[in-house]
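The values are calculated or read from the model by the stated rules, or taken from the named source; none is laboratory data. Keep in mind that this is a model prediction, so the values were computed, not measured. Methodologically, a virtual Cβ is constructed for each residue, glycine included, from the backbone with ideal geometry; neighbour enumeration extends over all protein chains shown.
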């Protein structure tokens, strides 16, 4: 390769700049073990106590986030906005959940690997941009949802660990959606 004197001078600096793009962080490999629960923590005056909750099934709101690409998640992994992941305040990391959009009945499987949301007590999950896109809520921003802890087969877990979408889930029947919407309304949401 025949480089000009300027290119020979600039090449080492360009390589150093590229090496610095990793931010010097040690990211944890994407894995389902160990499962991390962690101690209680306080954000903006609210204390959250992480705990295992095998029967977790809640109604509330979902939002999404994405510009933090490359940041470190709460369980030490690299945040990838186009993966199907989410943030939750208290569930163990990682946890798999089924998220249902109550306006459309669309359902997806999501892998929780981060903490949040911390801005509104009615928001129960922050989806990655990829998860919001798959659920069909990216344009809406904040939507009513049902979040239910699930134990998907290993094949579905593997897809999510690799940043891929899990299999399509059938939509929730309208009668069930009406019942869930009525429960949210009764709860003051």
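Looking at 167, 138 in this structure, which one is in a loop (DSSP other than H, G, I, E, B), at negative phi and exposed (fewer than 12 other Cβ atoms within 10 Å of the Cβ)?
From the options 167, 138, the qualifying one is 167.
Looking only at the stretch 141-164, filter to residues that are farther than 18 Å from residue 95 by Cα and surrounded by fewer than 17 Cβ atoms within 10 Å (Cβ to Cβ); which one of those is modelled with the lowest pLDDT?
141
Restricting attention to the stretch 170-189, report how many residues are in a loop (DSSP other than H, G, I, E, B), in contact with a strand residue (DSSP E or B) (Cβ under 9 Å, 6 or more places away or on another chain) and under 22 Å from residue 126 (Cβ atoms).
3
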